[in-house]
Number of protein chains: 2
Amino acid sequence: MNLLFLGMTNPKPHYSIISEFVKKQIQEGIYPTGSLIPSENDLCMQFDTSRMTVRQALNELVKEGFIERKHGKGSFVKSERQSLGLLSFKGFSEVVGSADHEVRTLVVEPPAILPWPQGVFESISRAERGEYFTLKRLRCANDVPVMLEYTYLPIEGFESLLSSELLDGSLFKTLSVKYNVDMRNLEQCLRAIQAETIQSNLLKCPLGSPILAIERKYITNQAGLFVYSKLYCYTDHYSISNVLN
Amino acid sequence: MNLLFLGMTNPKPHYSIISEFVKKQIQEGIYPTGSLIPSENDLCMQFDTSRMTVRQALNELVKEGFIERKHGKGSFVKSERQSLGLLSFKGFSEVVGSADHEVRTLVVEPPAILPWPQGVFESISRAERGEYFTLKRLRCANDVPVMLEYTYLPIEGFESLLSSELLDGSLFKTLSVKYNVDMRNLEQCLRAIQAETIQSNLLKCPLGSPILAIERKYITNQAGLFVYSKLYCYTDHYSISNVLN
DNA sequence: AAATTCATCTTGTATAGACAAGTACTTGTC
DNA sequence: GACAAGTACTTGTCTATACAAGATGAATTT
């Protein structure tokens, strides 16, 4: 039997250890975007295991969107890890293939710990309470405000988030790298509503104009831990696009 | 070497043959929802192949959402095959766990072959032309109109669709079972707009009220074949919910 | 110089076994 | 009857190997 896994306090299967090992290296930038990761045989030798086990590990990473495999060439780090339910903006005047607009994120209020916002998530969840790490941000395309985003994460276990900056300004990346919390899937509710004062002010749209309201509940890989988002989008200048698999 | 696959005109790998065989049986109702499909060893014997090959076949079906596996028990047909980007309705007055509302689909106009609707899919595609199998349907929850749905499928190769009914009234199910066309993923664009006359009439909402407009482009397993949908949703009484993975 | 062949790398498919672990039922004991 | 042990089934993990097939570059031939 092989000795590499013996010393670990880990009851996890080998393929899982290998896939997490490689995943961590990708997240740390040791294998940058587009680069080649070690071949199956390399990993077999490195972990003293069989090829089927390594293949199972790599197939996990394919499922999670970290790598893609090319027959005869190797396994490559995916160019852009598609985050779950990622929304992007699409301008109406754009020609297909034109240069991307610049997306900028403004922090409306500094991150804070606040009680659960009663009444905001009427469609998705009614049973939450306690204190939440709260982000209020405004996303702009070419300096035009498009999306107002409120994000809520239960503070329990994440108290240290307030004391340091988010990695690349992304809460989800920080959760994944620092806390091993990954988003598994999400439930969302869509509505078209009329902009109220607060949305109309921040999105710079007329009061009462139709805006898109999205409530999201992210289910994580940690049982009982959910992240909530409420999004308001003004879609007259940029529509909201995404891809489902 | 085994003889079961030899006579076939099929250059496909064994696991793919097995998974399609089982998939077909599920679609035909031979293994109904929730039932147990044959064990890995059964399938090994039936196809005279090794267990790893059968496992690969079954894992494909897991990925596609047809079955789920339970350690120590067996593989079961999934209760409800989650179709890609499926939208459901959520009433505001409902208590969690209450009985579902009844969803009914009305055909606004009988299926017809029409030219590509210029200007409808401004956000997603501008380059289509030719004739399309066109469906215009209205989805109601508890007899309240919620979603107006236009669906477009290039008629080439699907001429026979007009001459027979859709399976369970579903275009996608018909495409999957009769034509082996499956939806791989989809791109969609969301906007909040004001209801115009036609939408306000059909959705029974005031002219100018905010409605949700969704443009969808479904990418299929057949290269170059796309299905398009345009959806208008009146979300004052029922919001639109879905799940992303 | 151009084309072909060859060697060698990669991932993809497949075999034939082994043991672990979860589940369900039977059997035996108290 | 209640409980424990055994057993027979399931899927999960893993080994060691083999050949197929795509990609790539070097060596050979034309």
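The values are calculated or read from the model by the stated rules, or taken from the named source; none is laboratory data. What you see is a predicted model, and the numbers here were worked out from it, not measured in a lab. Cβ sites come from the backbone with ideal geometry, for glycine too, and all protein chains shown count toward neighbours. For the accessible areas, the whole protein counts, side chains as well, though only heavy atoms, and no ligand, DNA or RNA atoms are used. Shrake-Rupley method; radii C 1.70, N 1.55, O 1.52, S 1.80 Å.
Scaled to the compact-protein estimate 2.2 N^0.38 Å, what is the alpha-carbon radius of gyration of region A:88-241, rounded to two decimal places?
Dividing the Cα radius of gyration by 2.2 N^0.38 Å gives 1.08.
Calculate one ³J(HN,Hα) per residue across region B:196-211 by plugging θ = phi - 60° into the Karplus curve 6.51 cos²θ - 1.76 cosθ + 1.60, and present them in order as whole Hz with x for glycine and proline.
Computed from phi, the couplings for region B:196-211 are 8, 3, 5, 6, 5, 5, 6, 8, 6, 10, x, 4, x, 6, x, 10 Hz.
How much accessible surface does B:Y234 have with a 1.4 Å probe, in Å² rounded to 10?
Near enough 20 Å² of accessible area.
Compute the normalised compactness of region A:150-216: alpha-carbon radius of gyration over 2.2 N^0.38 Å, N being the residue count.
Normalised Rg, Cα atoms only: 1.47.
Could you work out what % of the accessible surface of region A:131-170 is carbon and sulfur, using a 1.4 angstrom probe and leaving DNA, RNA and ligands out of the count?
Answer for region A:131-170 is 47 percent, counting heavy atoms of protein chains only.
Less than 12 Å apart at the alpha-carbon level, and either on another chain or at least 8 residues along: which aspartates and glutamates does that give for A:K204?
Correct list for A:K204: A:D143, A:E196, A:D236.
Note the distances from A:Q46 to each other copy's matching label point, with points 7 Å along the Cα-to-beta-carbon direction, in nm, sorted shortest first.
Between copies, matching label points for A:Q46 lie 4.0 nm apart.
Counting only other residues whose beta carbon sits under 13 Å from that of B:D236, what net charge do I get with K and R as +1, D and E as -1?
Overall, the nearby charge balance is +3.
Which distances, in nm and shortest first, link the A:Q118 label point to the same label point in every other copy, taking 7 Å along Cα→Cβ?
Sorted ascending, the copy-to-copy spacings read 5.6 nm.
Can you work out ³J(HN,Hα) from phi for every residue in region A:31-44, in order, using Karplus 6.51 cos²θ - 1.76 cosθ + 1.60 and θ = phi - 60°, giving whole Hz and x for Gly and Pro?
Rounded to whole hertz, the list is 10, x, 3, x, 7, 8, 8, x, 6, 4, 5, 4, 5, 4.
Under the definition of partner shielding as Cβ atoms of other protein chains within 10 Å of a residue Cβ, what is the mean value for peptide B:176-189?
2
Using a 1.4 Å probe, what is the accessible area per residue for the protein assembly as shown, in Å²?
I get 53 Å² per residue for the protein assembly as shown.
How well do other chains shield peptide A:232-241, expressed as the mean number of their Cβ atoms within 10 Å of each residue Cβ?
For peptide A:232-241, the averaged partner shielding equals 5.
I need the fraction of alpha carbon pairs in region A:14-77 separated by more than 13 Å, rounded to a whole percent.
The proportion of pairs with Cα distances above 13 Å equals 57 percent.
With runs of 4+ DSSP H residues as the only contributors, calculate the mean residue ellipticity of chain B at 222 nm using -39,500 (n - 2.57) per run, divided by the residue total and rounded to the nearest 500.
-6000 deg cm²/dmol
Would you mind calculating the relative contact order of chain A from Cα pairs under 8 angstrom and at least 6 residues apart, reporting the percent as a whole number?
It rounds to 17 percent for chain A.
Note the per residue figure in Å³ for the convex hull of the C-alpha positions in the protein assembly as shown.
193 Å³
At a probe of 1.4 Å, how much accessible area disappears from chains B and A on forming the pair, both sides counted, to the nearest 100 Å²?
Using a 1.4 Å probe on protein heavy atoms, the buried area is about 3000 Å².
Quick one: label points 7 angstrom along Cα→Cβ at B:N221, distances to the other copies in nm, smallest first?
Label-point separations across copies, in nm and ascending: 2.9.
Give a residue-ordered list of calculated ³J(HN,Hα) values for region A:139-146 (Karplus: 6.51 cos²θ - 1.76 cosθ + 1.60, θ = phi - 60°; whole Hz; x for Gly, Pro).
Ordered by residue, 3J(HN,Hα) equals 9, 10, 10, 6, 6, 9, x, 10 Hz.
For the pairs B:K90/B:K178; A:K90/A:K230; A:K217/B:K90; A:K230/B:K217; B:K78/B:K173, flag any whose C-alpha to C-alpha distance is greater than 23 Å.
The pairs that break the limit, which is 23 Å between Cα atoms, are B:K90/B:K178; A:K230/B:K217.
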